[in-house]
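Asker: First the structure, then my questions, so here it is.
The values are calculated or read from the model by the stated rules, or taken from the named source; none is laboratory data. Nothing here was measured: the structure is a model prediction, and the numbers come from that model. Cβ placement follows ideal geometry from the backbone for every residue including glycine, while neighbour counts extend to all protein chains displayed.
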4 protein chains.
Amino acid sequence: MQTRIEVGILGATGMVGQHFIKFLQGHPLFDLTWLGASDRSAGKQYKDAMTWHLAGGTPETVANRTVDECKPGNAPRLLFSAMDAGVATEIERAFAEAGHIVVSNSRNHRMEADVPLLVPEVNPDHLRLVPGQRLSRGWKGGIVTNPNCSTIGLVMALGPLKQFGITKVLVTTMQAISGAGYPGVPSMDIMGNVVPFIGGEEEKMEMETHKILGEFAGDHIEPLAAKVSAHCNRVPVVDGHTETVSVEFATKPSKHDVLHALESFHALPQQRNLPSAPKHPVIYMHEANRPQPRKDAERERGMAAFVGRLRPCHVLDFKFVVLSHNTIRGAAGAAVLNAELMQSEGMLD
Amino acid sequence: MQTRIEVGILGATGMVGQHFIKFLQGHPLFDLTWLGASDRSAGKQYKDAMTWHLAGGTPETVANRTVDECKPGNAPRLLFSAMDAGVATEIERAFAEAGHIVVSNSRNHRMEADVPLLVPEVNPDHLRLVPGQRLSRGWKGGIVTNPNCSTIGLVMALGPLKQFGITKVLVTTMQAISGAGYPGVPSMDIMGNVVPFIGGEEEKMEMETHKILGEFAGDHIEPLAAKVSAHCNRVPVVDGHTETVSVEFATKPSKHDVLHALESFHALPQQRNLPSAPKHPVIYMHEANRPQPRKDAERERGMAAFVGRLRPCHVLDFKFVVLSHNTIRGAAGAAVLNAELMQSEGMLD
Amino acid sequence: MQTRIEVGILGATGMVGQHFIKFLQGHPLFDLTWLGASDRSAGKQYKDAMTWHLAGGTPETVANRTVDECKPGNAPRLLFSAMDAGVATEIERAFAEAGHIVVSNSRNHRMEADVPLLVPEVNPDHLRLVPGQRLSRGWKGGIVTNPNCSTIGLVMALGPLKQFGITKVLVTTMQAISGAGYPGVPSMDIMGNVVPFIGGEEEKMEMETHKILGEFAGDHIEPLAAKVSAHCNRVPVVDGHTETVSVEFATKPSKHDVLHALESFHALPQQRNLPSAPKHPVIYMHEANRPQPRKDAERERGMAAFVGRLRPCHVLDFKFVVLSHNTIRGAAGAAVLNAELMQSEGMLD
Amino acid sequence: MQTRIEVGILGATGMVGQHFIKFLQGHPLFDLTWLGASDRSAGKQYKDAMTWHLAGGTPETVANRTVDECKPGNAPRLLFSAMDAGVATEIERAFAEAGHIVVSNSRNHRMEADVPLLVPEVNPDHLRLVPGQRLSRGWKGGIVTNPNCSTIGLVMALGPLKQFGITKVLVTTMQAISGAGYPGVPSMDIMGNVVPFIGGEEEKMEMETHKILGEFAGDHIEPLAAKVSAHCNRVPVVDGHTETVSVEFATKPSKHDVLHALESFHALPQQRNLPSAPKHPVIYMHEANRPQPRKDAERERGMAAFVGRLRPCHVLDFKFVVLSHNTIRGAAGAAVLNAELMQSEGMLD
């Protein structure tokens, strides 16, 4: 029988921290034994340190746990980071230096050359950056990151299509409000409305897509040589980012080729049967009007990318719709799957 | 002082019909004196023949007017058609044959070679199709149409950019529920959701854009030689279609050139000061997160196209956001402005 | 080990029918083996006979099952009815006459004197009407009903308070759109809006509350001698009816008495550990701003009533808020729990 | 020709301040010449001192006006106060002491014995408190207030019914998000949800109703001797508070009496033809499912109360629905009408 691994959360009181707690309930491998938060919360019981924002209420397993400061010391070796970008840089580094494996959802280290921006189905080999990261920084631990919630659906759909030589990608997002955390988007701004701008989001999507689909090159990732352009919008949806995508390929595959690549996609997490891996990373929906966020995002425990409406594009080669759950596959679930991949690689031993 | 012109509405009881009635209230040129609807409604007072769906309530000027059948006879010469596509073809033709000028919002005749698909700011010269239409069909009247509600915003933004040689257009729409009429979209389908499909909409946007931006060629319009690709989505917004647009130009204008073309756009309806013409057909909004449907669509009486976020596109040349009011500039207001243009051309004399 | 019982659904293709199918997945006692629907659907595979409207997609266990006509013959003895009110009266009677136990969510037979309007936690003894129903109607089977989706939350909260002598009840509902089925409420009517009227709903709530809280009197139920007044509204919520309630009691209990009665409520379904019974039928939430439909309705598998904000009322004695899941505890789950109670009484043997 | 009166706004940059600015555009009597705000804004041009949140954009008449500090000095004599409750007490007093007439929408002074809580159609005689207020406080100016946005619809509907001897009132509100200002309610809290609690709102509604419907008694208002109980809820609506109301009367009027009182209500502001007075303060809607906030709140420029569904109540005597526009008649418009009443009384001379 497998040894269970103790884990902790950096930034446990925020909304992403709550998603980590919820996602880790009943995890077959990880035991959540430590909650870190700001000085303001430290010393309090978890239930008194935050207001729970997710459906279902505060899990009993954490309600009475005492929150600790975000300083190395009592925390377990494996930590999930849900920290705000404003403070994540220094704290994550301090933990990594002190020997912790920081599997982070924060954006701060994603684009650093020696930090994997990891999607286990798409670029598991990017984990090979970690030894160099440790060596050059003198760290006993390390930092591994997952992409932004708007990037994940796109790259999960593009992953199986990389074989066709992706040359151009044009994507428009319709993003859920939960992506902005809490209090996040004021209702006066988004009720019955579309906000055609999310600060920094387009740049993140473009850069992260290049890196994730890029090639491991020893001490860095050689970015994908494709042109990527994003339009990012906020829409009145609670959970689930919907994206319309047009793609151009070098090898001019047929529609059948593209569809088959999507539907047959089966990657390392599936082969290793990682606990949080969806059975199929990409689920192609054949109905004319799917996927839809309110009806589909929570399927497969929110861990798959749902694709539909594959058809020729008059400007590029093909176009389709992709949906992914922004707070699960786009945040907490992504990081947990990253840790599961690392465990399967023996990197947590 | 100008002689007032009597007008009627074909399909006056439906939701588009109601928008015509509302838009024509207090019109300086047109007097609404006739309401046509299905046999089921004919003979009833208007207020008993329908349920009013628009904010504000049934205007008193029509509430007690008796609804007539949609047969030539008592109707005034100028008619606005708000008919369902299922019946519009035959009825509109019958009226045109009988000498009526049918200014139609219905999709049925839009793509016929000798029917103008008219946007007064963009292709006023397409009205030159009308004499040939009359001649070849043996009609005393005629049919003129306006584009689909998703096409109008796009072509109003592209109109002033045509000078730069448009070669490729990739557009994603986020369309309001009012575009589907009443009862239209079930709330169970759209509340907190995105529906990434609207039947026939993408084809309409692509074909209509080609025709509207095309060139008058005697007995038909030579379509614009550009590649156009549309992704159409329904979002939980009441009024106002928002669209993200990427465009490629043959002449590679600078961002300044494009911005200047949009902001200085001033066309025939503005020059002739047509009553329903917006002061500026395109209003460029410099705020980072505009335009937005709930906050901007009703400005300028819903008759302008609102553009924002002009920036370079990594895949095509430039990208931007455009918003237009789908039931005003995308339906009733469009047709009324078409009629005003025809009046200014002496075509209603 | 317990023998499993075969069950069928009358009206399996509608939205309530879909809820029955979803709720019965994995049921420990009931095997869904038969699907009945209108002639139009009969003979088709289930997946071709309807459009699935619920999150998660059509369960595989029913997708390929052939739909049968709603006529006695092949159906199992125990049937759940999700029929439209327009056809339920005759069909349910025909099945009851033919020996079937019809556990119905339809409104048609609810107010008949010899038909139990059953809430297992509140009036399980009303099942004693069934023998007389069979006798007087000459039926081998029988009909048992559950209340309207707006009534259930109210009576589950009032059940434990009946001991204090309820004399007046004033309730305002804020009801979810799913209560109106599919296509149900047009989005143009409810998006960003409140509709302060639901046809027949106030009368149903008032009458049903009287009957459910009434006393078994041999061949009928003696209604509760209290004054009940309802204001029913539709609000833009997907699932979960929220209700504000003011109550007057004959015995003038203290706030502590009322709170204790709610929190300690433990009834027959809990004592018998019926599979679909919530652990606590009423869950009192102590947070200042709860219960809330989007965050709480799905707790306890949607089978509990959630109460909060108990406080004195200046007009009656106490006021509070109650929330229940309208399509689970207010429809499919209610009927299944009714059948479980009947099974535990030996009425299905 | 009437002399125009200069007016200013205390708290001009907030959302209520923006509503004052919008409402005062084109006012026939008042010229907006002064904008006061916090020190942080003082000295800036208005357009740089705030983000405009209302549909339509910042009016040009104020965009370039320099914002002043909220200290007596340069401000005109008549001031509308849109100040936050946190700072309004001291600042409003300072201006009143310095000789300004402060017509305030803030809650701070509403319940003070010598301050009118004024609804011109309902209690215009409460203005008689002002002389005593000046005398006892040694003020040259004075403070007059309007009720909370949830109170206004209720008291406008109850005003014409006071003649029947109101003894009990039970009200449930469904309040729009705009009532909470900006950023106000987080979208994560209210999208597809109901929040059955608004801090302090129920107490305000109950107390204010007592005072507004009370009798002038020399140096104070003798509150209405009725029992009033409120349930306050937030719903996903942008503008317009909907309320379900049950009322008991001492004199047991017939339904016809009550309906006639509502429909024939014509009060001082109507008689004097005050510029912002609605033609009818109460508009009774005979449709079965009205009033509705999205469709009706903006009628009559948002200044009327819309009542519908009058019917007997089994618990009290009658029940009905009332709707009013919370940011117009419930805030800016209310204060402006109060000032117009004072002007018509010669109190601004």
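Asker: Starting from the range C:300-316, keep only residues that are within 18 Å of A:THR58 (Cα to Cα), then list their pairs with residues that are of a type in the set (Phe, Trp, Tyr) whose Cβ atoms are within a distance under 6 Å, requiring at least 6 positions of separation or different chains.
Answerer: C:VAL307/C:TYR284; C:VAL307/C:PHE320
Rundown of residues vs (1) crowded, with 24+ Cβ neighbours inside 10 Å; (2) within 9 Å of another protein chain (Cβ to nearest Cβ), yes/no style:
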{"residue": "A:ARG290", "(1), (2)": "no, yes"}
{"residue": "A:ALA304", "(1), (2)": "yes, no"}
{"residue": "A:LEU310", "(1), (2)": "no, no"}
{"residue": "A:ASP317", "(1), (2)": "no, no"}
{"residue": "A:MET342", "(1), (2)": "no, no"}
{"residue": "A:GLU345", "(1), (2)": "no, no"}
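Asker: Name the residue that is nearest to B:VAL336 (Cα to Cα), counting only residues in the range B:270-288 that are within 14 Å of chain A (Cβ to nearest Cβ) and not hydrophobic (A, V, I, L, M, F, W, C). Spell out the reasoning first.
Answerer: Filtering the range B:270-288 down to residues within 14 Å of chain A (Cβ to nearest Cβ) leaves B:284-288.
Now narrow it down to the ones that are not hydrophobic (A, V, I, L, M, F, W, C): B:284, B:286-287.
Details: B:TYR284: 24, B:HIS286: 30, B:GLU287: 31 Å.
Across the range B:270-288, the extreme among qualifying residues is B:TYR284.
Asker: Here's something else I'd like to know. Out of (1) of a type outside the set (Phe, Trp, Tyr); (2) touching a residue at least 40 places away in the same chain (Cβ under 8 Å); (3) assigned to a loop (DSSP other than H, G, I, E, B), the odd one out for C:GLY199 is which?
Answerer: That leaves (2) as the condition not met.
Asker: What are the residues in the range C:159-174 that are out of contact with any helix residue (DSSP H, G or I) (no Cβ under 9 Å at 6 or more places or on another chain) and buried (at least 24 other Cβ atoms within 10 Å of the Cβ), if any?
Answerer: C:LEU170, C:THR172
Asker: Quick test for you: out of C:VAL122, C:VAL194, pick the one residue that is modelled with pLDDT of 95 or more and more than 14 Å from every other protein chain (Cβ to nearest Cβ). Before you say what the answer is, go through the steps one by one.
Answerer: On the way: C:VAL194 fails: more than 14 Å from every other protein chain (Cβ to nearest Cβ).
None of the other options fit; the residue is C:VAL122.
Asker: Consider the range B:48-77. How many of its residues are within 14 Å of B:GLY8 (Cβ to Cβ) and touching a helix residue (DSSP H, G or I) at 6+ places or on another chain (Cβ under 6 Å)? Working first, answer last.
Answerer: Here is the first cut: in the range B:48-77, the ones within 14 Å of B:GLY8 (Cβ to Cβ) are B:61-62, B:65-77.
From what is left, the residues that are touching a helix residue (DSSP H, G or I) at 6+ places or on another chain (Cβ under 6 Å) are B:62, B:65, B:67, B:70, B:72.
Total meeting the criteria: 5.
Asker: A follow-up question, please. What number of residues within the range C:66-111 are assigned to a strand (DSSP E or B) and within 25 Å of C:ASP48 (Cβ to Cβ)? Walk me through how you get there before you give the answer.
Answerer: Within the range C:66-111, the subset assigned to a strand (DSSP E or B) is C:66, C:68-69, C:78-81, C:101-104.
In the following step, the residues that additionally are within 25 Å of C:ASP48 (Cβ to Cβ) were identified as C:66, C:68-69, C:79-81.
Of the residues in that region, 6 qualify.
Asker: Restricting attention to the range A:254-263, and to residues there that are touching a residue at least 60 places away in the same chain (Cβ under 8 Å) and not β-branched (Val, Ile, Thr), which single residue is farthest from A:MET342 (Cα to Cα)? Break it down into steps so the answer makes sense when it comes.
Answerer: Taking the range A:254-263 and keeping what is touching a residue at least 60 places away in the same chain (Cβ under 8 Å), we get A:255, A:257-258, A:261-262.
From the residues that got through so far, the ones that are not β-branched (Val, Ile, Thr) too are A:255, A:257, A:261-262.
Details: A:LYS255: 35, A:ASP257: 32, A:ALA261: 26, A:LEU262: 25 Å.
Here the answer is A:LYS255.
Asker: Could you please find all residues in the range B:14-52 being in contact with a strand residue (DSSP E or B) (Cβ under 7 Å, 6 or more places away or on another chain), of a type outside the set (A, V, I, L, M, F, W, C) and surrounded by 23 or more Cβ atoms within 10 Å (Cβ to Cβ)?
Answerer: Residues satisfying the conditions are B:GLY17, B:GLY36, B:TYR46.
Asker: Report, by residue number, each residue of the range B:184-205 that is out of contact with any strand residue (DSSP E or B) (no Cβ under 8 Å at 6 or more places or on another chain) and either in the same structural domain as B:GLY14 (by TED's automatic domain parsing) or more than 28 Å from C:VAL237 (Cα to Cα) (or both). It would help to see each step written out before you state the result.
Answerer: First pass over the range B:184-205, keeping only residues out of contact with any strand residue (DSSP E or B) (no Cβ under 8 Å at 6 or more places or on another chain): B:188, B:191-193, B:199-200, B:203-204.
Selection gives B:GLY200, B:GLU203, B:LYS204.
Asker: With the checklist (1) more than 11 Å from chain C (Cβ to nearest Cβ); (2) touching a residue at least 40 places away in the same chain (Cβ under 8 Å); (3) within 19 Å of the chain's Cα centre (by Cα) in hand, flag the one item D:VAL238 doesn't pass.
Answerer: Result: D:VAL238 passes all but (1).
Asker: Among the residues in the range D:24-47, are any closer than 27 Å to B:ASP239 by Cα, aromatic (Phe, Trp, Tyr) and in contact with a Lys or Arg (Cβ under 9 Å, 6 or more places away or on another chain)?
Answerer: no
This table checks each residue for (1) outside any strand (DSSP E or B); (2) outside the structural domain of B:GLN270 (by TED's automatic domain parsing); (3) in contact (Cβ under 8 Å) with a residue 24 or more places away in the chain; (4) closer than 18 Å to B:GLU243 by Cβ.
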residue	(1), (2), (3), (4)
B:PRO160	yes, no, yes, yes
B:GLN163	yes, no, yes, no
B:LYS168	no, no, yes, yes
B:MET207	yes, no, yes, yes
B:VAL228	no, no, yes, yes
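Asker: Tell me whether the range D:241-263 contains one or more residues that are within 30 Å of D:MET191 (Cα to Cα) and either surrounded by fewer than 23 Cβ atoms within 10 Å (Cβ to Cβ) or not assigned by TED's automatic domain parsing to the domain that holds D:ALA176 (or both).
Answerer: Here is the first cut: in the range D:241-263, the ones within 30 Å of D:MET191 (Cα to Cα) are D:241-246.
Still in the list and also either surrounded by fewer than 23 Cβ atoms within 10 Å (Cβ to Cβ) or not assigned by TED's automatic domain parsing to the domain that holds D:ALA176 (or both): none.
Checked against the condition, which is being within 30 Å of D:MET191 (Cα to Cα) and either surrounded by fewer than 23 Cβ atoms within 10 Å (Cβ to Cβ) or not assigned by TED's automatic domain parsing to the domain that holds D:ALA176 (or both), the range D:241-263 yields no hits at all.
Asker: Of all residues being surrounded by fewer than 23 Cβ atoms within 10 Å (Cβ to Cβ) and in a loop (DSSP other than H, G, I, E, B) in the range C:209-220, which is nearest to the other protein chains (Cβ to nearest Cβ)? Just the residue, please.
Answerer: Restricting attention to the range C:209-220, the residues satisfying the condition of being surrounded by fewer than 23 Cβ atoms within 10 Å (Cβ to Cβ) are C:210, C:214-220.
Cutting the leftovers down to in a loop (DSSP other than H, G, I, E, B) gives us C:214, C:217-220.
Working: C:GLY214: 16, C:ALA217: 22, C:GLY218: 27, C:ASP219: 26, C:HIS220: 21 Å.
Out of the qualifying residues, it is C:GLY214.
Asker: I'd like the full set of residues that are farther than 14 Å from A:GLN292 by Cα, outside any helix (DSSP H, G or I) and facing another protein chain (nearest Cβ under 7 Å), limited to the range B:177-191.
Answerer: Across the range B:177-191, the qualifying residues are B:TYR182, B:PRO183, B:GLY184, B:VAL185, B:PRO186.
Asker: Here are some residues: A:ALA339, A:ALA288, A:ALA332. Which one is touching a helix residue (DSSP H, G or I) at 6+ places or on another chain (Cβ under 7 Å), more than 30 Å from A:ALA225 (Cβ to Cβ) and among the hydrophobic types (A, V, I, L, M, F, W, C)?
Answerer: Numbers: A:ALA339 fails: touching a helix residue (DSSP H, G or I) at 6+ places or on another chain (Cβ under 7 Å); A:ALA288 fails: touching a helix residue (DSSP H, G or I) at 6+ places or on another chain (Cβ under 7 Å).
That would be A:ALA332, the only listed residue that is touching a helix residue (DSSP H, G or I) at 6+ places or on another chain (Cβ under 7 Å), more than 30 Å from A:ALA225 (Cβ to Cβ) and among the hydrophobic types (A, V, I, L, M, F, W, C).
Asker: Now a separate question. Hydrophobic (A, V, I, L, M, F, W, C), closer than 21 Å to B:GLN292 by Cα, within 14 Å of chain B (Cβ to nearest Cβ) and within 23 Å of the chain's Cα centre (by Cα) - does that describe any residue in the range D:15-29?
Answerer: yes
Asker: What's the total number of residues in the range A:132-158 that are in a loop (DSSP other than H, G, I, E, B) and surrounded by fewer than 21 Cβ atoms within 10 Å (Cβ to Cβ)?
Answerer: Number satisfying all stated conditions: 3.
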